[in-house]
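The values are calculated or read from the model by the stated rules, or taken from the named source; none is laboratory data. Since we're looking at a predicted model, the values are computed, not measured. Because the Cβ atoms are built from the backbone with ideal geometry, glycine has one as well, and the counts that use them run over all protein chains shown.
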Amino acid sequence: MTLHDDPLLKNVPAVKGYKVLRPAVLYAKIGQGGMGAVYRGRHLNLEVDVAVKLLKASLVDEDQRFVARFQREAKLAAGIHHENLIHVTCPPWSYQVTPGGDVDVTTVSVSYGQRKLSDDDFWGNVDEANTVGIEIDHRARGYWVGFELGTQLSDGEEDDAKSDIDEVYAGVRKTFDLGESIIHPYVSIGAAYVQAQAAVDIGSNVDVASDDESVGVYGRVGVFATIAGHLNLGVEYRALFGTDVDLFGVSTDVDYGQFGVSIGYSL
């Protein structure tokens, strides 16, 4: 198994084929046990060869006593000096390598979904619209912060009327770790800015148009799978609330529920 396929390192950034777990770059796995694994590496600041012991993130989530034990081992080892023993170069530091961890990662995703608008009396056949969006997220200390720009793939039309809905989302997402699994469930909440447009053909090539904007709240639940360390494939359900707009003097809901799929790449 290469370091690229190592489940303990799946979300650790790679540079020129090597995994970089600062302040060290990892070259190869030396061994693995019940608590984690040991890797051969190079300290980037001291420019010396090192052995890096990595604790499983699933153990940390399960019981913080594993962290205390890990730190005690490092302190005891630091007090022992022998030519046949590896000297402790630096103390343990927090650097979880799962989607719930501390590794900073930026992900760009493209999503496709089908929504069900709540006010189908007004929107006509647009109550079921295909949508596309692009999302940029940054993860730091276990949470994702990002924004998304979405729109209908095409204007909805019914008889002499047509409409279009565009939106921008900004929120936070919490991803949950399932040990060394490539499957990661998540929940998300945030604010949404929505712009809705509608036009009606009243004859003689004359269109009467109306548009309005609103701000609401959205929530998402979903799951994604991380493939080959960087590629993410996901499915989710999204709901939007509180986005009433005034079109042609009528208060209209833009609230909707939507099932969708996404594909993303972690930079």
**Report entry** Extreme residue, modelled with the highest pLDDT, among residues of segment 1-49 that are among the small types (Gly, Ala, Ser) and assigned to a loop (DSSP other than H, G, I, E, B)
**Finding:** Gly33
Query - Single match in Ala196, Ala161 (criterion: more than 30 Å from His4 (Cα to Cα) and at pLDDT below 75) - result: Ala161
Requested in this report: Find all pairs meeting these conditions: Cβ atoms under 9 angstrom apart; at least six residues apart or on different chains; first residue within segment 44-59 and among the charged types (D, E, K, R); second residue assigned to a loop (DSSP other than H, G, I, E, B).
Outcome: Lys53/Met35; Lys53/Pro92; Lys56/Gly34; Lys56/Met35; Lys56/Gly179; Lys56/Glu180
Report task. Keeping to segment 116-140, report how many residues are at pLDDT 70 or above, within 17 Å of the chain's Cα centre (by Cα) and of a type in the set (D, E, K, R). Result -> 2
Query raised in the report: For segment 214-267, which residues satisfy the criterion of being out of contact with any Asp or Glu (no Cβ under 7 Å at 6 or more places or on another chain), over 20 Å from Ser111 (Cα atoms) and of a type in the set (Val, Ile, Thr)?
Result: Val215, Val250
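With respect to Gly229, determine if the residue is under 30 Å from Gly17 (Cα atoms) and at pLDDT below 85.
On the way: under 30 Å from Gly17 (Cα atoms): yes; at pLDDT below 85: yes.
It is true that Gly229 is under 30 Å from Gly17 (Cα atoms) and at pLDDT below 85.
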Query raised in the report: Given the conditions (1) farther than 23 Å from Trp144 by Cβ; (2) modelled with pLDDT of 80 or more; (3) surrounded by fewer than 14 Cβ atoms within 10 Å (Cβ to Cβ), and given that Asp211 satisfies all but one, which numbered condition is not satisfied?
Result: (3)
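Based on this model, can you work out whether Gly113 counts as surrounded by 14 or more Cβ atoms within 10 Å (Cβ to Cβ), at pLDDT 80 or above and at negative phi?
The answer is yes for Gly113.
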